[in-house]
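The values are calculated or read from the model by the stated rules, or taken from the named source; none is laboratory data. All figures in this text were calculated on a predicted structure; none of them were measured in a lab. Neighbour counts are summed over all protein chains in view; Cβ atoms, including those assigned to glycine, are modelled from backbone coordinates with ideal geometry. Quick note on the areas: whole protein, heavy atoms, side chains included, nothing else; ligands and nucleic acids left out. Shrake-Rupley method; radii C 1.70, N 1.55, O 1.52, S 1.80 Å.
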Amino acid sequence: MSNSPWERAQKLVQNAAALAETSPHLLAALLVSDRTVEVSIPVEMDDGSQRVFHGYRVQHNNILGAYKGGIRYHESVDMEEVKALAFLMTMKCAVINIPFGGGKGGVRVDPKKLSARELEELTREFTRKLSLVIGPTLDVPAPDVNTNPEIMRWIADEYKKTVSSQKPIIGSAEQHPEAVVTGKPLDAGGSEGRTEATGLGGSYALQAFFKEHGEDIRDKTVAVQGFGNVGRWAAESLQKMGAKIAAVSDSRGGIYIPDGIPDIAAVYKCKKASGLVAGCYCIGSVCDQASSEEVLRPAGRMCDIKNREKMRGHNITPEEILTLPVDILVPAALEDSLTAGNAEKVQAKYILELANSPTTEEADAIFEKRGVTIIPDILANAGGVLVSYFEWYQNMHGERWSKSDVFEKLHASVETAVTEVFRTAKDKRISSRTAAYVVALRRLSSSANPAPFRHR
Ligand code: NAD
C-alpha cells in the first residue's frame with residue numbers, strides 16, 4: 001500500500017468529499033496543485049566553490065485567499081513532500097477559518113552544514129527566484145522546519161529590494177511589502193506571539209478537546225517527539241496547564257523522567273548550549289550535559305550525572321519516545337513517524353499531531369481500531385498559520401496587537417475549531433481526522449466558484 005503523504009492526503013480528501021457533499025468540480029481542483037515552481041539556487045560557498053541547491057514552491061489552492069505556508073530547509077525536501085504539505089495548508093486554513101489558501105516551499109539542504117553567510121545568501125537567492133510568484137496578496141511564506149524569524153527577515157528584505165527594482169508580472173502593487181512573509185522578528189514587522197503560536201495552539205486544542213469531553217488535562221503524562229520550535233512551546237504550555245512532561249527528544253535521542261521534567265525552559269537552554277536534548281537533566285539552572293560523543297556512544301564516560309540519578313531519569317533513543325507509558329503522545333518532528341511498525345506499541349491514549357502528517361495510513365487504521373484518539377494535524381497545529389494571519393493582518397492595516405490580545409484570539413479560534421470538528425465526528429460517527437476534512441471542505445465549498453457554465 002502506498003503511503004506517501006501526498007497520496008494519503010488525496011485519499012483523505014476523497015473520502016471526506018462524499019460526506020461533505022463536495023462538488024466534483026471542487027474535488028477535482030483540490031486533487032491537484034494550482035502551480036508548482038522549481039528553482040535552482042547557485043551559492044558561492046565560503047571556500048570559493050560554487051554549489052547549486054534545489055528549491056520548490058507549491059501553490060495548492062487559493063479559493064479562500066492568498067496561498068500561505070512555510071518554507072522548510074531539509075535534506076529530504078522534494079516536490080512530492082512540498083505538494084503534500086501545501087495541500088495540508090489549504091485544509092488547515094479552511095478548518096481554522098482564515099482567508100488564506102494553501103502553499104508550501106522548501107530547499108533541499110542541510111542548513112547545519114552552512115555558515116551563517118552561506119545560509120543568508122541561499123535564502124536571498126531563493127527569494128529572488130521566487131519574487132515573481134510570491135507577494136502579500138498572492139503567496140505568503142512563513143517558517144517551518146529549520147527556518148526561523150531571522151530567515152524570514154532576509155526574505156522580507158530581499159523581496160522589498162527585488163520588487164522595488166522590477167515590476168511583478170503576477171500580483172498587485174505592493175503597499176505593504178513586509179507582509180510578503182510572516183514569522184518575522186518583531187523589529188521587522190513580526191507579530192507578538194508568532195514564535196510560540198503553533199505549540200501553544202496545540203496545547204489549547206488539547207485543552208479544548210478535554211473540556212468538550214469532560215476530562216482534565218492536569219496530571220496527564222506527555223511525551224514530546226521533536227524539541228524544536230513547536231515541541232518546546234507545546235511542552236512548556238502543557239506543563240503550565242498542569243500536565244506532566246515525562247519525555248522530550250530530538251533527532252539524536254532524548255530524556256525520560258517518569259515523574260515529569262521539572263523545568264522545560266531549562267532543558268531547552270541546555271539543548272541550545274550542548275546541541276542535544278539527551279543528557280539535559282536540569283534542576284534549576286544546573287544541568288547534566290552529555291557531549292554528542294557520549295550520547296552516541298553511551299558506553300563511554302558520561303559527564304556529571306548527579307541530576308539524572310536524583311530524578312530517576314533515562315536517556316532514550318529517537319524511536320523509544322513513541323512507545324513510552326504516557327497518556328499523551330505529541331509527535332512534533334517530521335512526517336511519517338507513526339507507522340505500522342510502531343503503532344501497536346504506542347501506549348498513549350491520545351495523540352496530538354503537531355508535526356504535519358506524522359501518521360501513516362496503516363498506523364491511522366491501527367489507532368482507530370485500538371480506540372486511540374487523534375487531534376489531527378490540520379487542527380492541532382493550525383495555531384501557527386492563525387497567528388501568521390494575525391501578523392499579515394497587522395502589517396496590511398498598520399496595527400500592532402499585544403501578546404495577550406494575540407493569545408486570546410488564538411485561544412478562541414482554536415477552541416471553536418476543535419468543538420466544530422469533534423461535534424462533526426460525533427454526529428457523523430467518523431474519525432476526528434475525517435471530520436476535520438469535512439469541516440474544511442464545507443468551508444471551501446461555500447467560497448468556491450460554481451462549476452463552469454455549459455451549453456446544453
Ligand atoms: P524545528 O526545526 O524547530 O524542530 C524540529 C525538531 O524535530 C528538532 O528538534 C529536530 O531535532 C527534531 N527531529 C527531527 N527528526 C527527529 C526524529 N527522528 N526524532 C525526534 N526528533 C526529531 O521545526 P518546527 O518548526 O518545530 O516544526 C516541527 C514540525 O511541526 C514539522 O512537522 C512542521 O512542519 C510542523 N509545523 C510547524 C509549524 C511552525 O510554525 N513552525 C507550524 C505547523 C506545523
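Miscellaneous remarks
- Label zone (residue 396, point 7 Å along Cα-to-C-beta; backbone nitrogen cut-off 16 Å) within region 100-121: 100-103.
- The per residue volume of the convex hull around the alpha-carbon atoms of region 35-190 is 107 Å³.
- Stretching residue 218 away from residue 314 to a fully extended chain increases their span by 32.2 nm, per 0.36 nm per residue minus the current alpha-carbon distance.
- Alpha carbon centroid spacing (whole Å) that separates region 368-420 from region 4-51: 23
- Using θ = phi - 60° and Karplus 6.51 cos²θ - 1.76 cosθ + 1.60, couplings along region 314-329 (whole Hz; Gly, Pro as x): 9, 7, 10, 7, x, 7, 4, 4, 6, 10, 6, x, 10, 7, 10, 10
- Cβ-derived FRET efficiency at R0 45 Å, residue 45 paired with residue 368, nearest 0.05: 0.40
- Descending principal axes extents, the chain, alpha-carbon based, whole Å: 75, 61, 46
- The protection proxy used here, the mean number of other Cβ atoms lying within 10 Å of each residue, ranks peptides 278-288, 248-258, 399-409 as follows, highest first: 248-258, 278-288, 399-409.
- Accessible surface, per residue, of region 73-221 when the full set of protein chains is kept, probe 1.4 Å, Å²: 36
- Solvent exposure of region 337-442, expressed per residue, is 39 Å² of accessible area, with all protein chains present and a 1.4 angstrom probe.
- Residue-wise HN-Hα coupling along region 239-256, computed from phi with Karplus coefficients 6.51, -1.76, 1.60 (Hz; x: Gly, Pro): 5, 4, 6, x, 6, 9, 8, 7, 8, 9, 8, 10, 5, 10, x, x, 10, 10
- Label-point separation in nm, residue 285 to residue 345, each point 7 Å along Cα→Cβ: 4.0
- Compared with the direct C-alpha span, the chain from residue 419 to residue 161 gains 88.5 nm at full extension, assuming 0.36 nm per residue.
- Over 31 Å between alpha carbons, listed pairs 113/345; 92/369; 68/409; 92/403: 113/345
- Working from Cα pairs under 8 Å separated by at least six residues, relative contact order for the chain is 17 percent.
- Only helical runs count toward this figure. For the chain, summing -39,500 (n - 2.57) over DSSP H runs of n ≥ 4 and dividing by all residues gives -13500 deg cm²/dmol at 222 nm.
- Carbon + sulfur, % of accessible area of the chain - ligands and nucleic acids excluded, 1.4 Å: 50
- Near residue 61: Cβ cut-off under 13 Å, other residues only, Lys/Arg at +1 and Asp/Glu at -1. The net charge is +4.
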